[in-house]
There are 2 protein chains.
Amino acid sequence: MQEVEALMRAQADDAHPDLRAALAHLLSSGGKRIRPTLGLLVGKMLGAPHRKLVTLAAAVELLHTATLVHDDLIDGALLRRGNPTLNARWTPAATVLTGDFIFARAAKLAAETDHLPLMNIFAETLAIIVNGELTQMFASKGFADRDNYYQRIYAKTASLLEMCARAAAMVSPADASTIESMRQYGYHLGMAFQIVDDVLDFTGEQAEVGKPVGSDLFQGLITLPTLYYIEKHPTDPDINCILDGTFNTEQGCIERLVRKVRSSDAVATSLEEAKEFVEKAIGYLSDMPDGVERQALEDLARYTINRRI
Amino acid sequence: MQEVEALMRAQADDAHPDLRAALAHLLSSGGKRIRPTLGLLVGKMLGAPHRKLVTLAAAVELLHTATLVHDDLIDGALLRRGNPTLNARWTPAATVLTGDFIFARAAKLAAETDHLPLMNIFAETLAIIVNGELTQMFASKGFADRDNYYQRIYAKTASLLEMCARAAAMVSPADASTIESMRQYGYHLGMAFQIVDDVLDFTGEQAEVGKPVGSDLFQGLITLPTLYYIEKHPTDPDINCILDGTFNTEQGCIERLVRKVRSSDAVATSLEEAKEFVEKAIGYLSDMPDGVERQALEDLARYTINRRI
């Protein structure tokens, strides 16, 4: 992991000093490094060449970082994980270009893995993530449909974790069925991860999560707990303000809805679903070589649902 | 070229309809298609596989398109080539993401050429372009230095044309010295191309160029004609307003400077320099296989300096 961090930081070595400082700031702003951890564990477990794995892990985390930079710009977010965003410190123009630069370096690292099919799914995954964000942006916000939700969280989170586990298997001496198992592991881990994120938006403490409780709903974003609440309480008048888009004008409606979702069993139902994804993810590990990495991948999956942030 | 156009358009086929419409709008907004033309001609001349060449040409033009989308956003430009920019029609958020999506598809196409070194220089070129834009943004605007100017136009324009010619040679059955000659051809063509662009900013008619005469200087951007003017007239008091950054406040200073540059021999000197780049570019064609493509590459180089827009 230290090698991954060093490789990421080195990507701006020959760039403008301000850009170098920006990348250092972004990389030191925390982040759980789930994606590189996942890639390193899968690759180590399957015997991937060390250098290739480090390069892949850095490429994936930089791709993720670049999407966050543009996301914060798009949302006008001034804080991420309690730290000022690039967006808060710089002009939008510099922020757009810094994101682009990090994309370019991520692509360069991906190319350095010397593995064309990997390069291909790397580019494909970026397209999925961006198309997902655009679709969400264009969609009428109050769209209450679980299928739509699963598509959204796949594009937003699971696609990159899926790619990460799959790519690490691809650069290993692994057969097609092992690669497919690791893709499935990454997919299920990613789905669980995002569902828990969406639950924590309701149940987490502001100080831990770093944003106000119910912030998704306040932005008109319907996630799994709200979907389950709506399914169980279709006649609650407060759900109309979120479905018909009047949530900004109708006084107190979202506040009430957040309280009701929090205290309903929708939270437990959502967590139950995340647990099912985690169990499925762990199931895909059953044919993998026994050892510390496999154990760590099991732990990683369980951590997904036990974390507080 | 029709196949290239079709392949570019097809890149949003499985994306959100609004995104598909945006890409169609961008691709139909004109553009001289210099980059794909260059790639196709070099590749055909050297016997590159047809399909690979079409894919490469589409990848390069999409990369170029993506950088334009973000540039227009950064500059707040509402028109490009007389057509409304995406930026003028959409929100900044949608514009950032559309640029990202086009980057992703460009990278995907580049990966489909099945050529890792190419993928590598593709990503490297994107980093050069973006780092160049950031450097220009951070630099104090009134920086009058020809070396700095050449670095800027390399990053802005010549790097991509260089990559285009080089990559087309790389996917051909060509030896290292042929690839290097084509890289040089693309580099010199690109330098000439941007110098002429910068001259046209002074000499072109607004209706043809699509922006007001002297628009670079009005933005505080010093290009080659101004640099030659400053070298010849170091004591002209009007050059201070551009060097010390007071060009926005000092009434009439830029208007006078534009008039003086236009009527000085700085324009002819700059064009002479562009011609030298063109002659050097043509020189690198001398060992290439004789035929219609080589002749077309000579014509392309000469067109660079004879064009009106």
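For segment B:43-93, enumerate the residues that are touching a residue at least 60 places away in the same chain (Cβ under 8 Å), crowded, with 18+ Cβ neighbours inside 10 Å, within 30 Å of A:LEU73 (Cβ to Cβ) and of a type in the set (Gly, Ala, Ser).
The one that is touching a residue at least 60 places away in the same chain (Cβ under 8 Å), crowded, with 18+ Cβ neighbours inside 10 Å, within 30 Å of A:LEU73 (Cβ to Cβ) and of a type in the set (Gly, Ala, Ser): B:ALA59.
Among A:VAL54, A:VAL60, A:VAL42, which is the only one that is in contact with a Pro (Cβ under 8 Å, 6 or more places away or on another chain) and among the β-branched types (Val, Ile, Thr)?
A:VAL60
If you check A:LEU116, A:LEU126, which single one turns out to be at pLDDT 90 or above and at the interface with chain B (Cβ under 7 Å from one of its Cβ atoms)?
Only one candidate qualifies: A:LEU126.
Residue-wise test of (1) touching a Phe, Trp or Tyr at 6+ places or on another chain (Cβ under 6 Å); (2) within 12 Å of chain A (Cβ to nearest Cβ); (3) part of a helix (DSSP H, G or I).
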| site | (1), (2), (3) |
| --- | --- |
| B:PHE122 | no, yes, yes |
| B:VAL130 | yes, yes, yes |
| B:LEU134 | no, yes, yes |
| B:ASN148 | no, no, yes |
| B:CYS164 | no, no, yes |
| B:THR178 | no, no, yes |
| B:MET191 | yes, no, yes |
| B:ASP197 | no, no, yes |
| B:PHE202 | no, no, yes |
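Pairs, please: C-beta under 7 Å, at least 6 apart or cross-chain, first residue more than 11 Å from chain B (Cβ to nearest Cβ) and more than 21 Å from A:LEU79 (Cβ to Cβ) and in segment A:15-35, second in a helix (DSSP H, G or I) and at pLDDT 90 or above?
Every condition considered, the pairs that remain are A:ARG35/A:VAL60; A:ARG35/A:GLU61; A:ARG35/A:HIS64; A:ARG35/A:LEU160; A:ARG35/A:LEU161; A:ARG35/A:CYS164.
What residue, among those in segment B:166-211 that are over 19 Å from the mean Cα position of the chain (by Cα) and modelled with pLDDT under 95, is surrounded by the fewest Cβ atoms within 10 Å (Cβ to Cβ)?
My answer is B:ALA207.
Report whether or not B:VAL258 is buried (at least 18 other Cβ atoms within 10 Å of the Cβ) and not small (Gly, Ala, Ser).
yes
Scan segment A:1-19 for residues that are surrounded by fewer than 19 Cβ atoms within 10 Å (Cβ to Cβ) and at pLDDT 90 or above and report the count.
Result for segment A:1-19: 8.
Restricting attention to segment A:151-160, does a residue exist that is in a helix (DSSP H, G or I), within 24 Å of B:LEU116 (Cα to Cα) and within 13 Å of chain B (Cβ to nearest Cβ)?
yes
If B:LEU40 meets every condition in (1) more than 25 Å from A:THR135 (Cα to Cα); (2) of a type outside the set (D, E, K, R); (3) surrounded by fewer than 23 Cβ atoms within 10 Å (Cβ to Cβ) apart from one, which number is that one?
Answer for B:LEU40: the failing condition is (3).
Within segment A:136-146, restricting attention to residues that are assigned to a loop (DSSP other than H, G, I, E, B) and of a type in the set (D, E, K, R), which residue is nearest to B:ALA21 (Cα to Cα)?
A:LYS141
State the number of residues belonging to segment A:76-98 that are of a type outside the set (Lys, Arg), in a helix (DSSP H, G or I) and more than 8 Å from every other protein chain (Cβ to nearest Cβ).
Residues flagged as of a type outside the set (Lys, Arg), in a helix (DSSP H, G or I) and more than 8 Å from every other protein chain (Cβ to nearest Cβ) within segment A:76-98 amount to 4.
Output the residue which, of all residues in segment A:20-33 that are among the hydrophobic types (A, V, I, L, M, F, W, C) and surrounded by fewer than 22 Cβ atoms within 10 Å (Cβ to Cβ), is nearest to A:LEU189 (Cα to Cα).
Only one residue fits best here, namely A:LEU27.
The values are calculated or read from the model by the stated rules, or taken from the named source; none is laboratory data. Since the model is a prediction, treat every value here as computed from it, not as a measurement. Because the Cβ atoms are built from the backbone with ideal geometry, glycine has one as well, and the counts that use them run over all protein chains shown.
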